[in-house]
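Inspection log for the structure reproduced underneath, given as structure tokens.
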Amino acid sequence: MPPECLQFFKLYQRFTSLSQAIADLDRAIAPSCLVHNDLKINNILLDLNWEQTGSSVIRLIDWECAD
């Protein structure tokens, strides 16, 4: 398991609002297709102040193919 997964899990345990944000995201998104088929924790971006701003925006980036 990558260290980033453990880091995310620690945040998930520490902030109950993160689990709610993930649940809200699950209800808010429409099914879509990712082209690279390599979605991993390293490719998920959250707003640095997501808890203070209430932002549930999550961005996906493919670091290996970014130009």
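What follows draws every value from the coordinates through simple rules; no lab data is involved. Just so we're clear, the structure is a prediction, and the values are computed from it rather than from any experiment. Because the Cβ atoms are built from the backbone with ideal geometry, glycine has one as well, and the counts that use them run over all protein chains shown.
List of remarks:
- Neighbours of Q7, meaning other residues whose beta-carbon lies under 15 angstrom from its beta-carbon, give a summed charge of +2 when Lys and Arg score +1 and Asp and Glu score -1.
- Each Lys or Arg adds one and each Asp or Glu takes one away; over the other residues whose Cβ falls under 14 Å from the Cβ of S17, this sums to -2.
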